[in-house]
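Remarks on the structure that follows.
The values are calculated or read from the model by the stated rules, or taken from the named source; none is laboratory data. All values derive from a computational prediction rather than experimental measurement. As a convention, Cβ positions derive from the backbone with ideal geometry for all residues, glycine included, and neighbour counts pool all protein chains shown. Ligands, DNA and RNA are excluded from the accessible area calculation, which covers all protein heavy atoms including side chains. Shrake-Rupley method; radii C 1.70, N 1.55, O 1.52, S 1.80 Å.
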Amino acid sequence: MPQALGSPWLHLPSCDSTSDEARRLGKAGQPHGAVVTADAQTRGRGRQGRTWYSPPGENLYLSLLLRPELLPREVPLLTLCAGLAVLAAAESVLRRHGCRDSPLRLKWPNDLLAETPTGMCKVAGILTELSLSGPRCDFVVVGIGCNVSGLDFPSDLPATSLRQLLSPTQPPLSVHDFAVTLLDHFEPL
């Protein structure tokens with residue numbers, strides 16, 4: 001049986017990208033389930049080379065190292081699992097804080113959006129990267145960025161956070177608790 005997700009768990013005050021750190025761990029032989037989180041990223045990224053806005057201390061920047069027994073063509077299924085896990089974790093947090101009707105929508109394959117008064121805004125994004133060893137999958141890094149407690153986003157970025165969906169006066173949500181909830185939802189998938 002594979003090792004539980006989150007063991008080992010490396011937390012950094014800052015890094016270029018949690019996915020870059022997880023890739024280094026993968027190449028160094030770290031086991032399935034290793035997690036890297038950071039308080040801030042200086043070069044967080046999304047799909048197609050886009051930058052992921054990563055201010056310090058407000059949001060979740062997490063990368064998960066997986067060693068699945070999948071064919072390379074099956075690896076995109078992990079992105080779908082991550083999307084479902086992020087949605088379930090976010091809805092769980094919103095419910096715990098009294099939000100009965102979820103404004104969240106999953107935009108396949110890798111974005112979590114929320115309906116806001118100004119339109120659809122991004123709450124989370126997923127970037128899955130594969131490392132091959134010949135024709136087989138050596139490891140996969142699933143990078144997840146989720147706006148948990150941030151209140152300020154660049155004006156050209158249609159983004160919101162779980163905290164803003166509840167109320168901007170809501171005290172900051174625990175990024176660590178959200179990460180644990182997310183891993184709990186991802187593991188069975």
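With a point put 7 Å past each Cα toward its Cβ, work out how far LEU84 is from THR169 in nm, to one decimal.
Label-label distance for LEU84 and THR169, simple model: 3.9 nm.
From the backbone phi of the stretch 109-118, what are the Karplus-calculated ³J(HN,Hα) couplings (6.51 cos²θ - 1.76 cosθ + 1.60, θ = phi - 60°) in whole Hz, Gly and Pro given as x?
In residue order, the calculated couplings are x, 9, 10, 10, 10, 10, 6, 10, x, 9 Hz.
Given a Förster distance of 25 angstrom, what is the FRET efficiency for SER155 paired with SER14, based on the Cβ-Cβ distance and rounded to 0.05? Could the numbers behind the result be given before it?
Numbers: r = 24 Å, r/R0 = 0.98.
Rounded to the nearest 0.05, the efficiency is 0.55.
Viscosity 1.306 mPa s, temperature 10 °C: what is the translational diffusion coefficient of the stretch 78-189 from Stokes-Einstein with a Kirkwood Rh over Cα pairs, rounded to a whole number of µm²/s?
Details: Rh = 14.7 Å.
It diffuses with D of about 108 µm²/s by this estimate.
Order of 32-43, 99-110 by packing, highest average Cβ count within 10 Å first? Provide the component values of the computation, followed by the final result.
Numbers: 32-43: 19.8, 99-110: 13.6.
Listed from highest to lowest mean packing, they are 32-43, 99-110.
In Å², what does the accessible area per residue of the chain work out to with a 1.4 Å probe? Before the final figure, lay out the partial values.
Values: 9480 Å² over 189 residues.
Per-residue value: 50 Å².
Which one, LEU127, LEU64, LEU166, has the greatest fluctuation when you compute a Gaussian network model over the chain with C-alpha springs under 10 angstrom?
Most flexible of the set in this elastic network: LEU166.
Give a residue-ordered list of calculated ³J(HN,Hα) values for the stretch 55-62 (Karplus: 6.51 cos²θ - 1.76 cosθ + 1.60, θ = phi - 60°; whole Hz; x for Gly, Pro).
x, x, x, 10, 9, 8, 10, 9
Over the stretch 141-189, consider all pairs of different Cα atoms and compute the Kirkwood hydrodynamic radius from their mean reciprocal separation; express it in Å, one decimal. Present the calculation step by step, with values, prior to reporting the outcome.
Working: mean 1/r = 0.0821 Å⁻¹.
Every distinct Cα pair counted, the radius reaches 12.2 Å.
Efficiency by 1/(1 + (r/R0)^6): what FRET value for LEU130 and GLU69, r their Cβ-Cβ distance, R0 = 22 Å, to the nearest 0.05?
0.95
Taking θ as phi - 60°, what are the ³J(HN,Hα) couplings along the stretch 78-92 by the Karplus curve (6.51, -1.76, 1.60), each to the nearest whole Hz, with x for Gly and Pro?
Running phi through 6.51 cos²θ - 1.76 cosθ + 1.60 with θ = phi - 60° gives 5, 5, 5, 4, 5, x, 5, 5, 5, 4, 4, 5, 5, 5, 4 Hz.
At a 1.4 Å probe radius, which order do ASP177, ASP156 fall into by accessible area, largest first?
Numbers: ASP177 85, ASP156 130 Å².
My answer, sorted largest first, is ASP156, ASP177.
Between ASP101 and ASP138, how high is the FRET efficiency from 1/(1 + (r/R0)^6) when r is the Cβ-Cβ distance and R₀ = 41 Å? Nearest 0.05. Don't skip to the answer; put the middle values down first.
Working: r = 43 Å, r/R0 = 1.05.
With R0 = 41 Å, the Cβ-Cβ based efficiency is 0.45.
Please express the Cα-Cα pair-distance distribution P(r) of the chain as a list of whole percents, one per 5 Å bin, running from 0 to the bin with the greatest distance.
In order of increasing distance, the bins hold 1, 8, 17, 22, 21, 15, 8, 4, 2, 0, 0 percent.
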